[in-house]
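The structure under discussion is supplied below as structure tokens; questions concerning it will follow.
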Amino acid sequence: MTRIRSRSSDLPAGTTFPPIARGFALGGDYSPEQWPEEVWAEDVELMRRAGVNSVNLGVFSWGLIEVADGEFDWGWLDRIMDLLHEGGIGVNLATPTAAPPIWLMRAHPEIACVTDTGVRLAQGGRLAWSPASAVFRRYALRLVERMAERYGTHPALRMWHISNELGNENAHDYGDETAAAFQDWLRARFATIEDLVEAWGTAFWGHRYTSFDQVLPPRFSGTSHNPGLQLAFERYTSDALLGHHLAERAVLRRITPQIPVTTNFMVQNHPGLADYRRWAEEVDLVSNDHYTIAADPERHGELSFSADRVRGMAHGDPWLLIEHSTSAVNWQPRNRAKSPGELARNSLAHIARGAEGALFFQWRQSTGGSEQFHSAVVPHAGSDTRVYREVAELGALLGRIREVAGSRVERARVAILMDHVAWTALRCGPKPSVDVTALDAPLTLHRELTARGSPSTCSTPTTTSTGTPSSSRRPCSPSRPRAPRRSPPSSRAAATWRSRTSRASSTGTTGWSRADTPDSCAGSSASASRSPPRCSRTRRCCWIRPAASASGRSASAPTTRRSWRRTPPAISRDCPP
């Protein structure tokens, strides 16, 4: 990786941080608290063998750190931080606020979310807390402050990982504390209650408000709510969760301004709750969790689309795949194991679209608890398994192409405009058909563009100071790059990409990627990158190199991306079969 260029709104433009790893990051979520300490040394050794250089630590460990109110046990975390540092493995240390401890839930049950039917969530899960809870915020920030003071200068610390998947299980809270916060949010948005009434069209069904205090979250009413109310509540919820992220970030900035901050987005096969385009302006490194849906026959196209969406949120800067699976997950109706080579292909597809690493959930597979059947780098059967060997092979590959890390993906020829608020509105209130979803059009367009060999990026509509659409954000038009296109890899790196691509192409396509350069498609020998053939085919496209340039440059001269043109297979008539 190169230095992290932060776009966070609380820092001066141009602020940078050291990279979290040398080259590409490889690793995953590590929960050593599940295992006896004698296993930890074995874990670190296995990490080193596999090329792991980065782990997410402490994600769900609040109850093991703060064992009682104000009583902290740092010993185990001190020891594992030291052990990882000795092994040369960097730590993305999580603020473990995703899972409140049982003692806190019992002492303050009011911190838990309330469902739309009035049921308060009980202890036993995770992310059950309400972002509107002042009590929860106070306890969470105290923990964050203590962690920052203790580990802010630890040599293993590379990045702060705020909470976990904010909005996953605590997407909505309908309690009284949230109702008051929602009303304040509406007051800031509408000058008068009359403006709200007019905007939402509440005269229909006789729902005419006379004060903001009368506006409640869309609790269960036996029928559908006003779509304006539903949309406003969804937008408030995204802002409330972002507010919690900002509160934790403020503590970390005050104590450890030298450490970058991230939180894991969930840009996947659904629009999602949070407006991540806005959230992307409040992290130093955009990070994403991505899990394919086994029942989706086009899941690899969705993977590529999601990766391009994340790159768009990062404004084309490098981003981090902070979670994905080595094989089957445990939360789908039918959890499919990945085929041989699919682990590498999925990881490389993200990296091809700008990811600066591939981290998995999780390092060692749990033997108990809610996620014991979720795959991991080290399965129940141990390290002498196909999954561990494939991760080690991926680590070796990423080491050979490390010079590509930090570069930008080649410029996009098309920008797909997507608006989170419009997506959210589509699922608020009754609509003409449930068969129309927010992702239908952009995903179909992205797949067609990929099939035609046209790189694309995803963005949101923007306006200039005159209120007209920005010319660099026109839908389905050339988008202006923020930086030069990605430089081609060296011959050795290109040969590595070729070898990996040739194996992956038998099970699917990475789409538009670094692997689809002329050199990477030419063959399997290192010499091919020095003297590539005139035509090289990938699964989706054909690269055609001209016999000579206008300046008389010979076909045997060193190749660059600019000396080739890419065409869809349908019009590559002069390509050999």
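The values are calculated or read from the model by the stated rules, or taken from the named source; none is laboratory data. Just so we're clear, the structure is a prediction, and the values are computed from it rather than from any experiment. Cβ coordinates were reconstructed from backbone atoms using ideal geometry, including for glycine residues, and neighbour counts include every protein chain displayed.
Determine which single condition R278 fails, assuming it passes every other condition in (1) in a helix (DSSP H, G or I); (2) touching a Lys or Arg at 6+ places or on another chain (Cβ under 7 Å).
It fails just one condition, (2).
Give just the number: which of (1) buried (at least 21 other Cβ atoms within 10 Å of the Cβ); (2) more than 30 Å from P19 (Cα to Cα); (3) within 28 Å of the chain's Cα centre (by Cα) does N164 not satisfy?
The single condition N164 does not satisfy is (2).
A further question follows. In the set R106, R3, R22, which member is farther than 25 Å from H380 by Cβ, touching a Ser or Thr at 6+ places or on another chain (Cβ under 6 Å) and loosely packed, with under 15 Cβ neighbours inside 10 Å?
One residue alone meets the criteria, R3.
Anything in the stretch 344-376 that is closer than 17 Å to I401 by Cβ, in contact with a helix residue (DSSP H, G or I) (Cβ under 8 Å, 6 or more places away or on another chain) and not small (G, A, S)? List them, or say none.
Scanning the stretch 344-376 gives R345, N346, L348, H350, I351, R353.
A further question follows. Identify all residues within the stretch 64-76 that are touching a residue at least 40 places away in the same chain (Cβ under 8 Å) and either assigned to a helix (DSSP H, G or I) or buried (at least 16 other Cβ atoms within 10 Å of the Cβ) (or both); write none if there are none.
Residues satisfying the conditions are I65, E66, W76.
How many residues, within the stretch 77-98, are surrounded by fewer than 21 Cβ atoms within 10 Å (Cβ to Cβ) and assigned to a loop (DSSP other than H, G, I, E, B)?
2
Would you confirm whether or not the stretch 133-152 contains a residue that is at pLDDT below 95, surrounded by fewer than 21 Cβ atoms within 10 Å (Cβ to Cβ) and of a type outside the set (D, E, K, R)?
no
Working only within the stretch 308-362, note down all residues that are part of a helix (DSSP H, G or I) and under 20 Å from A412 (Cα atoms).
D308, R309, V310, R311, G312, M313, L348, A349, H350, I351, A352
Just give me the residues in the stretch 147-157 being under 27 Å from the mean Cα position of the chain (by Cα) and part of a helix (DSSP H, G or I), in sequence order.
Within the stretch 147-157, M147, A148, Y151 meet the criteria.
Among (1) farther than 26 Å from L348 by Cα; (2) touching a residue at least 60 places away in the same chain (Cβ under 8 Å); (3) assigned to a helix (DSSP H, G or I), where does E302 come up short?
So E302 meets the others, but not (1).
Can you tell which of R49, R126 is touching a residue at least 12 places away in the same chain (Cβ under 8 Å), among the charged types (D, E, K, R) and touching a helix residue (DSSP H, G or I) at 6+ places or on another chain (Cβ under 9 Å)?
Answer to the selection: R49.
Determine if the stretch 384-398 includes at least one residue that is farther than 22 Å from V267 by Cα, surrounded by fewer than 15 Cβ atoms within 10 Å (Cβ to Cβ), of a type in the set (G, A, S) and without any contact (Cβ under 8 Å) to a residue 24 or more places away in the chain.
no
Looking at (1) out of contact with any Lys or Arg (no Cβ under 6 Å at 6 or more places or on another chain); (2) modelled with pLDDT of 95 or more, which is the only condition V378 fails?
(1)
Does N288 satisfy the criteria of being part of a loop (DSSP other than H, G, I, E, B) and touching a residue at least 12 places away in the same chain (Cβ under 8 Å)? Lay out the reasoning, then the answer.
Values: part of a loop (DSSP other than H, G, I, E, B): no; touching a residue at least 12 places away in the same chain (Cβ under 8 Å): yes.
So N288 does not fit the description; no.
Look through L229, L196, L216 and report the one residue that is crowded, with 19+ Cβ neighbours inside 10 Å and closer than 30 Å to A98 by Cα. Explain how you work it out, then say what you get.
Working: L196 fails: closer than 30 Å to A98 by Cα; L216 fails: crowded, with 19+ Cβ neighbours inside 10 Å.
Answer to the check: L229.
Shifting gears a bit: Within the stretch 241-263, how many residues are in a loop (DSSP other than H, G, I, E, B) and out of contact with any helix residue (DSSP H, G or I) (no Cβ under 6 Å at 6 or more places or on another chain)?
Initially, the stretch 241-263 is screened for residues in a loop (DSSP other than H, G, I, E, B), giving 256-260, 263.
Next, from what is left, pick out any that are out of contact with any helix residue (DSSP H, G or I) (no Cβ under 6 Å at 6 or more places or on another chain): 257-260.
Residues in the stretch 241-263 being in a loop (DSSP other than H, G, I, E, B) and out of contact with any helix residue (DSSP H, G or I) (no Cβ under 6 Å at 6 or more places or on another chain): 4 in total.
Out of the stretch 297-309, which residues are in contact with a Lys or Arg (Cβ under 8 Å, 6 or more places away or on another chain) and within 13 Å of M266 (Cα to Cα)?
A307
So if I check each of L252, L246, which one is modelled with pLDDT of 95 or more, under 22 Å from D317 (Cβ atoms) and either buried (at least 19 other Cβ atoms within 10 Å of the Cβ) or aromatic (F, W, Y) (or both)?
L252
Table: residues versus (1) in a helix (DSSP H, G or I); (2) out of contact with any strand residue (DSSP E or B) (no Cβ under 7 Å at 6 or more places or on another chain); (3) buried (at least 18 other Cβ atoms within 10 Å of the Cβ).
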| site | (1), (2), (3) |
| --- | --- |
| E410 | no, yes, yes |
| A415 | no, no, yes |
| P430 | no, yes, no |
| V434 | no, yes, no |
| A441 | yes, yes, no |
| R447 | yes, yes, no |
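Kindly indicate whether any position in the stretch 362-378 is under 13 Å from the mean Cα position of the chain (by Cα) and surrounded by 24 or more Cβ atoms within 10 Å (Cβ to Cβ).
Among the residues of the stretch 362-378, not one is under 13 Å from the mean Cα position of the chain (by Cα) and surrounded by 24 or more Cβ atoms within 10 Å (Cβ to Cβ), which makes the answer no.
Follow-up. Filter the stretch 403-435 for residues that are among the aliphatic types (A, V, I, L, M) and closer than 16 Å to G272 by Cα and give the result. Lay out the reasoning, then the answer.
Step one: filter the stretch 403-435 for residues among the aliphatic types (A, V, I, L, M), giving 404-405, 409, 412, 414-418, 421-422, 425-426, 434.
M418, V421, A422, A425, L426, listed by residue number.
Please list, ordered by first then second residue, the pairs with beta carbon atoms under 7 Å, 6 or more apart or interchain, first in the stretch 441-469 and within 26 Å of R299 (Cα to Cα) and at pLDDT 60 or above, second of a type in the set (D, E) and not in a loop (DSSP other than H, G, I, E, B).
L443/E302; H446/D308; S456/D308; T457/D308; C458/D308
Is it the case, given these coordinates, that A112 is within 27 Å of the chain's Cα centre (by Cα) and without any contact (Cβ under 8 Å) to a residue 40 or more places away in the chain?
yes
Write out, first by first residue and then by second, each pair whose Cβ atoms fall under 9 Å of each other, whose residues are 6+ apart or on separate chains, and whose first residue, in the stretch 309-337, is without any contact (Cβ under 8 Å) to a residue 40 or more places away in the chain and buried (at least 18 other Cβ atoms within 10 Å of the Cβ) while the second is outside any loop (DSSP other than H, G, I, E, B) and among the aromatic types (F, W, Y).
Partner pairs satisfying both residue conditions: H324/F360.
Let me ask you something else. May I ask you to verify whether E234 is in contact with a strand residue (DSSP E or B) (Cβ under 7 Å, 6 or more places away or on another chain), part of a helix (DSSP H, G or I), buried (at least 17 other Cβ atoms within 10 Å of the Cβ) and among the acidic types (D, E)?
no
Out of the stretch 200-219, which residues are over 22 Å from T178 (Cα atoms) and in contact (Cβ under 8 Å) with a residue 24 or more places away in the chain?
G201
Out of curiosity, is T292 crowded, with 24+ Cβ neighbours inside 10 Å, within 26 Å of V378 (Cα to Cα) and not aromatic (F, W, Y)?
no
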